[in-house]
1. If you go through the range B:59-70 one residue at a time, do you hit one that is within 30 Å of A:W596 (Cβ to Cβ) and away from every other protein chain (no Cβ under 14 Å)?
2. Pairs, please: C-beta under 6 Å, at least 6 apart or cross-chain, first residue outside the structural domain of A:S355 (by TED's automatic domain parsing) and in the range A:445-461, second of a type outside the set (D, E)?
3. State whether the residues of the range A:307-327 include one that is surrounded by 24 or more Cβ atoms within 10 Å (Cβ to Cβ), assigned to a loop (DSSP other than H, G, I, E, B) and in contact (Cβ under 8 Å) with a residue 40 or more places away in the chain.
4. Does A:D552 count as more than 14 Å from every other protein chain (Cβ to nearest Cβ), over 30 Å from A:M177 (Cβ atoms) and assigned to a helix (DSSP H, G or I)?
5. Of everything in the range A:287-306, what is not in a helix (DSSP H, G or I) and not polar (S, T, N, Q)? Give them in sequence order.
6. Name the pairs: first residue in the range A:404-429 and closer than 20 Å to A:F393 by Cα and touching a residue at least 12 places away in the same chain (Cβ under 8 Å), second residue of a type in the set (D, E, K, R) and buried (at least 21 other Cβ atoms within 10 Å of the Cβ), Cβ to Cβ under 8 Å, at least 6 apart or on different chains?
7. Give, as residue ranges, the helices (runs of 4 or more DSSP H) completely inside the range A:172-258 that count at least 2 residues that are in the same structural domain as A:A82 (by TED's automatic domain parsing) and over 17 Å from the mean Cα position of the chain (by Cα).
8. Just to be sure I understand the filter: pairs with C-beta atoms under 6 Å, separated by 6 or more residues or on different chains, first member in the range A:50-62 and surrounded by 13 or more Cβ atoms within 10 Å (Cβ to Cβ), second member modelled with pLDDT of 85 or more. Which pairs pass?
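The values are calculated or read from the model by the stated rules, or taken from the named source; none is laboratory data. Predicted model only: the values in this text are computed from it and were never measured. Cβ: placed from backbone, ideal geometry, glycine included. Neighbour counts: every protein chain shown.
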Amino acid sequence: MFASSWLILLFPLLGFIGLSWFGSRISEKLAGLVGCGTVGASFFMTLVTLSNLLFLPPEERVGHVQTLYQWVSAGSLKLDLAILVDPLSVFMFLIVTGVGFVIHVYSVGYMHDDPEYSRFFAYLNLFIFSMLVLVAAADFFFLIVGWALVGLASYLLIGFWREKTSAVLAARKAFVMNVIGDVGMVIAAFVIFESFGTLSFIDVFAAAPGMFRPNDDTMLLITLLLLVGAFAKSAQLPLHTWLPDAMEGPTPVSALIHAATMVTAGVYLIARCHVLYELAPYTMYFIAGVGIITAVFAGSMALVQYDIKRVIAYSTMSQLGYMFMAVGIGVYSMGMFHLMTHAFFKALLFLAAGSVIHSLDGEQDIRKMGGLQNVMPLTHATFLIGALALAGFPLTSGYFSKEAIILSSYHAEMGNIVFWAIAVLTAGMTAFYIFRVYFYTFVGGLRSPGAHPHESPGIMVIPLVVLAGLALLGGLLGPWVDSFLAPVFGRVVEHHHNSVLEAIALTAGIGGIAAAGLLYMVSKDRMDLLKEAMAPLYDLLFHKYYVDEIYDFLIVRPTKAIGVFMEQKGEREGIDFTVDQVGLKVKEVSHGISLWQSGKVRAYALNMVVGMVTILLFVVFM
Amino acid sequence: MGEQFVLLISASIFCVGTAGFVIRKNPLIMFMSVELMLNSVNFLLVSYSSFLNSLDGQIFALMIMTVAAAEVVVGLAIILTIFRTRHDMDVDHIDVLKG
């Protein structure tokens, strides 16, 4: 039935290998064609798999494990190269390969004339392959393999412009942060193997409800350790600082990895392991709490940033917070639905921002933009659609997914009024900051005199239009997503209606847009007054709550100090000194002994005679 | 000739050879001292061969003489070569193998 599904993973892998080996010898055109073609083929195979899946009745769609090869069989440990085909993994395949394909096409234009064009596409294909490994994994082992591989691909792509110091530093930071998460995942896998004797998803999830009662220590431990990985990968507090810095990478990378796919892996993980999380309601509350706090925390930082990509990056964190809250309160399919619509509109926003940056020769400061709506009509229109979807404007895709989550934060079993209130506040902020960027960038007059902005080439604009279509109409897929994913989560998610709450949330969104318009369009002088009036708060937000500084003070500097101390006291005065002294002493002693070898024959002879006489006397008289 | 007399003679010759080898600096004289030591042993072997009515001692003496002859050939060759290269026959100056 799904015998050919593994081809989904094969194509990007082949693309990566091919482009790495022959990349320097093939033309830019061919490299682009290979890069896009493999992902396109992968997307096609995903559609084939999807249609196969849809032919089955809903209850038979789960748990199809396609074993390709029995890799390790040692005692009770069995690891197979296998892929899991069920609605959840196919759903993720669709997003990864679909949005990935669009972004690959966009990259053909964006990276045009880059000297290392084929290396870029090789990395992109590696990323797609890694992400597919992550979502196709049928056990925790390959989940971690994929998890680490996407971290690697992310590292390579953030640091793609390796001659740029800030990019290399950002790549390193992202990698270190993600490795913290990987460690949590690996320990979680150990604990799982210790308690269940297997790593396979299906076996673990089947055994868990019978073996543990809710909130058992083991369950809490496993879920919290998995959560470390999820938080690191999805940039949730307190492991979030790498995501804004990751914007040093090329913009298609930000769109693909740091908006649409990789950062959502944490949400996927929780949805995938929902059986375990439902046995740990405390962890669920924790997830929802951290999610909503991250949402408002990131949203508030986005209010004052001036780098167009950073604003969108904070917005990504904030939207991921919504998704975490959704899975935390148990409305998984709403979380996954928001994941999907977010992939559409956030990729769109990033790519549109990339189009702006491209036309302004790398300028990312929104204070130096402005008035681009006339010069770049298509980019302007698509960015506006993305912004509206992000703000949750009625009938756009973001409206359906976000509204559902906000309502559930109050109505769901685990929801409460505090979650709801923060969610609404964040929705208002979201609308405000994205329209602040919109007004800064596209309205008014250009504030950068030397620049000659121009509309981007067709190969960049077409992906924008495709994504804009999805961002606009993706909301219609909501009911389908709910019913498609229901077999995985074992129930159909309950939608609530409460016109008062809906109206308040909607007002917050539109109010945010209006406030941005008022502040940045109508009365610009008020903005400075407001900034001065709220100076302490403004500074706090502008410096990102000083989290980087706190980490620097608490972790980086002590670690460095220990390193310096160990280098001087431990290494030089301890180890080096001891080794040197041992060497010197041996040398001294052996020099003394070597004096015996004088080279004088008569001395040797005399020694010999004396020795022999001594022995003789000894033998005779003793 | 009694046994004691033979032993005394042999020991005296051996000691003379040893002293000569340790004291003299000329390699040729040192060589002769070595021969002296060897011959003191030969003398002993031959004498005891006659005392004990056994040919073993004489056979050993013949073998020692053969080996000594071969050794002299090699030794003289080495001494000659050293003299040709260094023009100096003092063994105390030949200490290239000093540690």
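1. There is at least one residue in the range B:59-70 that is within 30 Å of A:W596 (Cβ to Cβ) and away from every other protein chain (no Cβ under 14 Å).
2. Here the result reads none, with nothing in the range A:445-461 linked to a residue that is of a type outside the set (D, E).
3. Among the residues of the range A:307-327, not one is surrounded by 24 or more Cβ atoms within 10 Å (Cβ to Cβ), assigned to a loop (DSSP other than H, G, I, E, B) and in contact (Cβ under 8 Å) with a residue 40 or more places away in the chain, which makes the answer no.
4. For A:D552, the condition - more than 14 Å from every other protein chain (Cβ to nearest Cβ), over 30 Å from A:M177 (Cβ atoms) and assigned to a helix (DSSP H, G or I) - is not met.
5. A:L303, A:V304, A:Y306 - these are the residues of the range A:287-306 that are not in a helix (DSSP H, G or I) and not polar (S, T, N, Q).
6. A:A427/A:K402
7. A:201-211, A:217-233
8. Pairs that qualify, where the first residue is surrounded by 13 or more Cβ atoms within 10 Å (Cβ to Cβ) and the partner is modelled with pLDDT of 85 or more, are A:L50/A:V90; A:L53/A:V90; A:R61/A:P87; A:V62/A:D86.
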